[in-house]
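> Structure in structure tokens, see below.
Each value in this text was obtained by applying a stated rule to the coordinates, not by laboratory testing. It should be emphasised that the depicted structure is a prediction, and the values quoted were computed from it without experimental measurement. FYI the Cβ positions are ideal-geometry reconstructions off the backbone, even for glycines, and counts take in every protein chain you see.
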Amino acid sequence: MNQLRAAVFALVLAVATPATAGDFATIDDTQLDLVTRGLEAHNAGNYDRAAELFNAALLVKELNVVYLNLGRALQRGGACSGADEAFNRALTAPAVENPSADEVASAVKSYRAELRDACPGEVVLSCPDLPGASITIDGRPASCGEPHALPPGPHVAAISSNDGSGEASFEIMGLQTVTVTLGIAAAEPADPGPPVDGPPARTMTWVGWGLVGVGVVGVVTGVWYTAEANAVEADIAAEGRRETVNAGRANDLLSQADSAETGQAIAYGFGAAALLTGAVLIYLDGDAPEQISIAPIPGGATVGIQTRW
């Protein structure tokens, strides 16, 4: 292929002699001089001057090889769009006999592949109307509806707003313009996971604490009856020390003592039973371990905390 590219430039000079076949274009002396000087400028690295001379030669007559040389000079000078247009014209302009039209077409294909690999392309972003949205290409700020020049290769465009975000990957080839549509995907609510049963009612615990309370009252009542019984016993002893015992008074004191002892026994017995039963219920209902669960609050991004003690 390198030999073909060299031949394309060298063979331009060979067409100075008119071709014998009437179907091929020829080059006159003025055009030949301009092309020769253009080739010299090109080979010296003066690509802008070479392009000027090739354009001047085309004003004399359009020839496929002159367009090919013009495209190559523009390509080397960094004028990618102009080079691509010149290569297009090289495929349709009047053809010389040598190099052949097939050779020119093959050179155009090779040079245009280089353009696609080296020259920038463009992307135009199509975005939803979201005031305040952030638009980026490869992490750099961008805008929608306007062309952005990008080097060949893969790129990523992204959009972010309060309504959601989205991104799109695309490929850029030299001299090509692509349109990329950006959309947003609403943020999905966090997966709450499998349903978790709520904490049990702990009925036994509440009943147990109730019985504990009743037991405390019973014990306190028993203490009161104990104090009452002691006071009655003190009165009976005092009555017994009298010289003359009042039988009615003595009977009343004995009756009070019996009542205090009975109340004392009942209060202590009932209170102890209530305390024991309540403690057992609390213990049995407390076998379930303490639980702390965290679950998302539906419809928001905050997190609620549910506790069980």
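> Select, from A107, A93, A73, A86, the only residue that is assigned to a loop (DSSP other than H, G, I, E, B), crowded, with 20+ Cβ neighbours inside 10 Å, in contact (Cβ under 8 Å) with a residue 12 or more places away in the chain and not β-branched (V, I, T).
Details: A107 fails: assigned to a loop (DSSP other than H, G, I, E, B); A73 fails: assigned to a loop (DSSP other than H, G, I, E, B); A86 fails: assigned to a loop (DSSP other than H, G, I, E, B).
None of the other options fit; the residue is A93.
> Give me the pairs, please: first residue somewhere in region 207-233 and within 30 Å of L254 (Cβ to Cβ), second residue anywhere and β-branched (V, I, T) and assigned to a helix (DSSP H, G or I), beta-carbon distance under 9 Å, and either six or more positions apart or on two chains.
Short answer, once both residue conditions are applied: G218/I266; T221/I266; G222/I266; Y225/T262; Y225/I266.
> Hey, can you tell me all the residues within region 88-132 that are within 13 Å of L175 (Cα to Cα) and among the hydrophobic types (A, V, I, L, M, F, W, C)?
The answer is A113, L115, A118, C119, V123.
> So, one more: Do you know which residues across region 112-137 are small (G, A, S) and in a strand (DSSP E or B)? Spell out the reasoning first.
Of all residues in region 112-137, those small (G, A, S) come to 113, 118, 121, 126, 132-134.
Result: G121, S126, S134.
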